[in-house]
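The values are calculated or read from the model by the stated rules, or taken from the named source; none is laboratory data. This one's a predicted model, so the numbers in the text were calculated from it and none came from an experiment. Cβ: placed from backbone, ideal geometry, glycine included. Neighbour counts: every protein chain shown.
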Amino acid sequence: MTLTRRNFLTTAATATGLMAAPAILRAQGALALRMGHPHPETDSWQDTALWMADTLKEKSSGEITLQVFPNGLIGNDPTMINSVRAGSLDIMVTGNPFFTSLAPELNVLDLPYLFQDRDHVARVLDGEIGDRLRSDFEGTGLFALSLWETGWRHVTNSRRPVATPEDIKGLKIRTTPNPAHIEAFRLLGAVPTPMAFTELFTALEMGAVDGQENPTTLILNSRFYEAQKYLSLTQHAFTAAPLVTNADKLEAMGEDRRTLLIETAQEGARRQRALNVEREETSLATLKDEGMEVVEEPDREAFRAIVADEVQAKFASEFGSDLIDQINGAAA
């Protein structure tokens with residue numbers, strides 16, 4: 001079976017009833033998979049990856065094992081993506097921005113101030129729009145098993161509190177390589193500086209950049225508070241995280257294993273996002289305890305007025321407005 005846009009949904013749907021066939025899985029012999037990600041061992045990505053490993057082993061009667069390498073142990077974000085494409089790594093997950101050079105329409109998910117709330121996010125990622133975006137990996141050598149999340153992005157820096165767009169001008173801010181992120185910070189008058197997540201702590205510690213933008217969970221888990229004094233809850237974007245595997249290897253697994261992996265990955269996505277919701281609530285309090293000065297109510301409307309329409313218009317000029325309209329239509 002060839003995994004194309006046309007049969008993506010059919011492939012995922014065939015998971016129903018799979019657990020009745022452990023003998024078929026055993027007959028195929030052992031399958032040892034390796035998975036990498038750039039986040040710390042304390043992050044929800046690691047917890048969910050370990051849950052996937054346990055689930056795959058249990059439901060395959062021990063025939064499928066998954067070894068997990070966190071914290072960029074086997075490469076930074078682009079390196080792991082290329083390793084999966086080449087087949088030397090089986091599975092990886094990282095933020096959506098690192099995939100947009102391969103599947104440019106994914107850039108829509110990172111447009112600033114696109115999502116209203118988490119219910120809006122869930123309707124997009126778990127619905128037809130998410131299915132369409134996952135299918136855009138066709139032809140890249142990758143297959144998107146599911147969409148995890150990084151979460152709501154906020155700004156930190158070592159120089160001053162950021163309450164208004166004026167406060168961010170001139171700050172050298174590490175961003176992802178996503179064009180939407182880069183353009184948004186350029187419009188705000190900052191100096192956007194793309195780099196891999198695994199390089200970020202050192203860059204902050206050495207002063208190579210003044211600040212960065214990530215969810216509170218990652219700011220805490222990566223100990224960025226050790227090099228950053230100020231946190232501003234700008235909530236300027238929401239970042240999804242595709243969990244991908246090598247498309248050819250997935251096809252070669254056989255239908256039973258393929259559907260087991262997809263089913264486990266999609267349940268894992270729901271679990272990982274739920275974990276992040278819980279940890280967002282506790283991470284902010286911990287960051288305050290660690291000494292960060294938090295601007296809890298920055299002028300988000302002022303930030304939105306500068307970046308939202310212009311960055312969305314730039315995306316629409318290249319890809320049309322259809323996806324943006326669909327996402328806006330999914331709001332409550």
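A few comments on the model shown:
- Residue 308 surrounded by 16 or more Cβ atoms within 10 Å (Cβ to Cβ) and in contact with a Leu (Cβ under 7 Å, 6 or more places away or on another chain): no
- Taken over region 101-156, the criterion of being in contact with an Asp or Glu (Cβ under 7 Å, 6 or more places away or on another chain), of a type outside the set (A, V, I, L, M, F, W, C) and buried (at least 23 other Cβ atoms within 10 Å of the Cβ) is satisfied by 151, 153, 154.
- Hey, residue 265 under 30 Å from residue 327 (Cα atoms) and small (Gly, Ala, Ser) or not: yes
- The criterion of being in contact with a helix residue (DSSP H, G or I) (Cβ under 8 Å, 6 or more places away or on another chain) and over 21 Å from residue 315 (Cβ atoms) does not hold for residue 152.
- Taking strands (runs of 3 or more DSSP E) as the structural unit, those lying wholly within region 138-252 and holding at least 3 residues that are under 23 Å from the mean Cα position of the chain (by Cα) and of a type in the set (A, V, I, L, M, F, W, C) correspond to 142-157, 230-246.
- Each residue in region 103-137 was checked for being over 17 Å from residue 304 (Cβ atoms), assigned to a loop (DSSP other than H, G, I, E, B) and modelled with pLDDT under 95, and 4 of them qualify.
- For region 87-108, the set of residues classified as charged (D, E, K, R) and within 21 Å of residue 328 (Cβ to Cβ) consists of 105 only.
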